[in-house]
Amino acid sequence: MPRSACVIPLLVFLLAGPARAAPLAAELLTPDLERRAVGVLSVAGGRLRAVDGDRNATDSSLRGVVRLSFGGVEGDPDAPPAGPLPDAGRRPLAGHLILTDGQVLAGRPAAEAGGGESLAWAHPRLGRVVVPLGRVASVSLGPEAEGAAPGRPRPPSADRLRLANGDALVGFAVSTDAAGVAFEPEGGAAATVPWAAVAGLRLANPAAGPPAGDLVELADGSRFAASARFDGAVWTLADPLPGLSPPVAALQDVEPAAVVALEPGASGLRRLGLGGVTVDEPEPAVAFGVPFPARSDGGVLRLHAPTRVVLSAPGVGVRRARVRLALDPVAAASPLAALEADLGGPPVRLDAARPSATLAAEGAGPLVLTLAASEHGPVLDRVVVESVELLVAAD
């Protein structure tokens, strides 16, 4: 083969430059709660470079982006991590830590204590993170208790320690260390409960509003503030969980598959799902003289009609909201199951002909969802809130 036949293809390759990574498939949520598919090329300097559905290149400000969801999966941003973490040599203490401002860390208590009134937590990527007990809302190391209240729980009036055997203690969490929780029950003396015997801990700390800045959601269920940058190949998450001492080291070269979603702080808005919303029911349904309160069921909220439910986010006002309701399959097949639902606007009828609907609202305060029974009477435990989506101010 002539030497020139090898040189020409080599020159073409060098002039073309290195191959670019394919755009990162994402779903973009706007401040109007509208969604569109994009291919993300980069996220940096307050700008989003992407390609739209027609393959046109765009370069826009992140102010118009509330959330970027990657991998075609739109999950609940407040859902806890799903499964245990691998740990060679001993039974893993899998779980999640939730801060008072809603940030979530997958992992387990660290082997090395944090010292003083703090909790040392081991995260699979961030490593050892030390959090003051005053910023801890809850720790979960096992399945949630049956009959848990729907939505984001309000802080208890006293600290509550849930044991692995199903018992619960009410009192004061004095401190934590690598051995367990030093807990002083009401009317008793303080004692250390080993982490292996702990299923959950809820502290009576007041809830805080969502954190400022970018919010990153990882595939392990973690959700925390960080300054996020994507260069087309990998993510850099600088200054994660700002304000902690010692500071948490930046995450470099994070593969795209590890990042499930990004909520840029530039929009000034946060998207909350059912897990981030406080649910109050001042007027629960009553049938045969028995109250039928709302309840959680497999990640959805089950309601009864008639009822009135108040949805709110701690410390912040709601700007926009969408709530998707549906009759469950049993009710949808019955000609006698019918109700009217409203979210502060015109009522929408749900029945066998129209078993589901999405309600929308705008405002600056709590949302009131009202369900009115039809001429056929109450609908008990057959109304499912399939999704809740609230846009709230980030500050």
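Report, by residue number, each residue of region 373-395 that is assigned to a strand (DSSP E or B), more than 22 Å from the chain's Cα centre (by Cα) and farther than 18 Å from residue 300 by Cα.
Result: 373, 374, 377.
Restricting to region 254-264, name every residue that is out of contact with any Leu (no Cβ under 7 Å at 6 or more places or on another chain) and either surrounded by 12 or more Cβ atoms within 10 Å (Cβ to Cβ) or small (Gly, Ala, Ser) (or both). Hit for region 254-264 is 257, nothing else. Cβ-Cβ contacts under 7 Å between residues 6 or more apart (or on different chains), taken from a first residue in region 218-229 that is under 16 Å from residue 135 (Cβ atoms) to a second residue that is acidic (Asp, Glu) and in a loop (DSSP other than H, G, I, E, B), are listed as 225/214.
Going by the structure shown, is residue 243 farther than 26 Å from residue 30 by Cβ and more than 18 Å from the chain's Cα centre (by Cα)? Walk me through it before giving the result.
Values: farther than 26 Å from residue 30 by Cβ: yes; more than 18 Å from the chain's Cα centre (by Cα): yes.
Taking the combined requirement at face value, the residue satisfies it.
Among the residues making up region 244-253, those that are surrounded by fewer than 18 Cβ atoms within 10 Å (Cβ to Cβ) and either part of a loop (DSSP other than H, G, I, E, B) or of a type in the set (A, V, I, L, M, F, W, C) (or both) are 244, 245, 246, 247, 249, 250. Annotation: residue 124 fulfils all but one of (1) more than 28 Å from residue 251 (Cα to Cα); (2) at pLDDT 90 or above; the unmet one is (1).
Applying a threshold of 9 Å to beta carbon distances and a minimum spacing of six or more residues, or different chains, the list of pairs starting in region 137-156 at a residue that is within 21 Å of residue 311 (Cα to Cα) and ending at one that is at pLDDT below 60 and surrounded by 14 or more Cβ atoms within 10 Å (Cβ to Cβ) reads 152/78.
Considering only region 180-205, state which residues are assigned to a loop (DSSP other than H, G, I, E, B) and free of Cβ contacts under 8 Å to residues at least 60 places away in the same chain. Break it down into steps so the answer makes sense when it comes.
Going through region 180-205, the residues assigned to a loop (DSSP other than H, G, I, E, B) turn out to be 186-190, 203-205.
Hits for region 180-205 are 186, 187, 188, 189, 190, 204.
Checking each residue in region 342-372 for being exposed (fewer than 14 other Cβ atoms within 10 Å of the Cβ), in a loop (DSSP other than H, G, I, E, B) and either among the hydroxyl-bearing types (Ser, Thr, Tyr) or under 22 Å from the mean Cα position of the chain (by Cα) (or both) picks out 364, 365.
Consider residue 323 carefully, then state whether it is part of a strand (DSSP E or B) and over 19 Å from the mean Cα position of the chain (by Cα).
On the way: part of a strand (DSSP E or B): yes; over 19 Å from the mean Cα position of the chain (by Cα): no.
Here the answer is no, as residue 323 does not meet what is asked.
The values are calculated or read from the model by the stated rules, or taken from the named source; none is laboratory data. Keep in mind the model is a prediction, meaning the values are calculated, not measured. Because the Cβ atoms are built from the backbone with ideal geometry, glycine has one as well, and the counts that use them run over all protein chains shown.
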